[in-house]
């Protein structure tokens, strides 16, 4: 087995961190990855710092406009891309084949908070537009 700069055998890695990592690797910036994932840019930055700490290696060189992956990041991306893409495909197939609409989610709270923060944050997670009833 060839020598690897990347040792992921010490502890399991969080799949959501890997998903975010792969989005950054593919998009070339934290901001673009955040947009693709429906996350804030500071959340993506925090997740990448956490993953770098877990691995004990820097994954991206920060540039004025975006990031450049290190060799460790390229190796990790090659290792996780196919499994993460396969999981995403399964999730997409299961969602596309559903005969019944999902159960509604009822949220309560101050109208301003729901309209300005909660609903916009949930919108990227839905396949259909969010319908809101404020009362």
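The values are calculated or read from the model by the stated rules, or taken from the named source; none is laboratory data. Computed from a predicted model, the values in this text were never measured in an experiment. Here the Cβ is made from the backbone with ideal geometry for all residues, glycine too, and neighbour counts use every protein chain on show.
Some points to look at:
- Residue 22 falls short on exactly one of the conditions (1) in a loop (DSSP other than H, G, I, E, B); (2) in contact with a helix residue (DSSP H, G or I) (Cβ under 7 Å, 6 or more places away or on another chain), and that condition is (1).
- Of all residues in region 103-126 being in a loop (DSSP other than H, G, I, E, B) and modelled with pLDDT under 80, the one that is nearest to residue 41 (Cα to Cα): 126
- Every residue from region 62-74 that is over 30 Å from residue 120 (Cα atoms) and crowded, with 16+ Cβ neighbours inside 10 Å: 69, 70, 72, 73
- All positions within region 51-61 that are out of contact with any helix residue (DSSP H, G or I) (no Cβ under 6 Å at 6 or more places or on another chain) and either assigned to a helix (DSSP H, G or I) or closer than 20 Å to residue 121 by Cβ (or both): 52, 53, 54, 55
- Qualifying residue in region 27-49 (condition: part of a strand (DSSP E or B), touching a residue at least 40 places away in the same chain (Cβ under 8 Å) and either within 24 Å of residue 121 (Cβ to Cβ) or in contact with a helix residue (DSSP H, G or I) (Cβ under 8 Å, 6 or more places away or on another chain) (or both)): no
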